[in-house]
Structure formats: C-alpha cells, structure tokens
1. Need pairs with beta-carbon distance below 8 Å; first residue over 16 Å from Glu50 (Cβ atoms) and within the range 1-22, second in a loop (DSSP other than H, G, I, E, B); sequence gap 6+ or separate chains.
2. Any residue at all in the range 35-54 that is more than 11 Å from the chain's Cα centre (by Cα), surrounded by 13 or more Cβ atoms within 10 Å (Cβ to Cβ), assigned to a loop (DSSP other than H, G, I, E, B) and not acidic (Asp, Glu)?
3. Is there any pair with a first residue in the range 43-61 that is closer than 16 Å to Val17 by Cβ and a second that is surrounded by 12 or more Cβ atoms within 10 Å (Cβ to Cβ) and among the hydroxyl-bearing types (Ser, Thr, Tyr) whose Cβ atoms are under 9 Å apart and which are 6 or more apart or on different chains, and what are they?
4. Which numbered condition trips up Val77, out of (1) of a type in the set (Val, Ile, Thr); (2) in a helix (DSSP H, G or I); (3) crowded, with 18+ Cβ neighbours inside 10 Å; (4) without any contact (Cβ under 8 Å) to a residue 24 or more places away in the chain?
5. Would you check which residues across the range 1-31 are under 20 Å from Ala79 (Cβ atoms) and outside any helix (DSSP H, G or I) and list them?
6. Inspect the range 59-74 for any residue being of a type in the set (Gly, Ala, Ser), out of contact with any Ser or Thr (no Cβ under 8 Å at 6 or more places or on another chain) and exposed (fewer than 15 other Cβ atoms within 10 Å of the Cβ) and give the result as yes or no.
7. Return the residues of the range 1-39 that are closer than 18 Å to Val62 by Cα and among the acidic types (Asp, Glu); say none if nothing qualifies.
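Only the coordinates and a few stated rules stand behind these numbers; no lab work does. Predicted model, so just to flag it, every value in this text is computed and none were measured. When we count neighbours, we look across all protein chains shown, and the Cβ atoms used for this are built from the backbone with ideal geometry, even at glycine.
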Amino acid sequence: MDVNSMREEVLAILAQVCGEREILQNDELDLFETGLLDSLALINLLDELEERLNIVIQPSQVKRECWRTPRNIVELVEANR
C-alpha cells in the first residue's frame, strides 16, 4: 500500500469510528477537544487500525498527544508500517 492509499484508509477508518466526515477535510482537528474521540473510541480505533492495516501499535504509543489530530494518527500509523 502506498503512502497516499494508506493515509486515505487511516482517515476512512477514523471517520467511521468517530462518525464524522469532517475528519477527512481537517488534518488538524483536535479529536479529543471536539469530543469526537474518547477512551472507548480510541480502543475501537486501535483495533480497527491494527486489523485492517496489519500493524501493531505498542502500548507506549497510546498517549493522548499521539492521537490528538488526524495528522498525528496518520504519522503514527506510517511509523508502524
């Protein structure tokens, strides 16, 4: 999967888990501050990303600042490819 396809897939998964398409338009949207992502949604997102992209996200990477914006999440997934 190339970088652009992977980015699109990550954003699609994120939009599905959060139930908000605005995520696709705004890489800097603060997902926690807007209430789009909470602890339960984060667990669901982790599961979906790992399953659909065949990656492993380490517990040390589950820090709020790593998951704050769509851009942060794409960068985290890219680092785990």
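1. Going by the 8 Å Cβ cut-off, the qualifying pairs are Cys18/Leu31; Cys18/Leu36; Cys18/Leu37; Gly19/Leu36; Glu20/Leu36; Glu22/Leu29.
2. Yes, the range 35-54 contains a residue that is more than 11 Å from the chain's Cα centre (by Cα), surrounded by 13 or more Cβ atoms within 10 Å (Cβ to Cβ), assigned to a loop (DSSP other than H, G, I, E, B) and not acidic (Asp, Glu).
3. From residues that are closer than 16 Å to Val17 by Cβ, there are no pairs.
4. With respect to (1) of a type in the set (Val, Ile, Thr); (2) in a helix (DSSP H, G or I); (3) crowded, with 18+ Cβ neighbours inside 10 Å; (4) without any contact (Cβ under 8 Å) to a residue 24 or more places away in the chain, Val77 is out only on (4).
5. Met1, Asp2, Asp27, Glu28, Leu31
6. Yes, the range 59-74 contains a residue that is of a type in the set (Gly, Ala, Ser), out of contact with any Ser or Thr (no Cβ under 8 Å at 6 or more places or on another chain) and exposed (fewer than 15 other Cβ atoms within 10 Å of the Cβ).
7. Result: Asp30, Glu33, Asp38.
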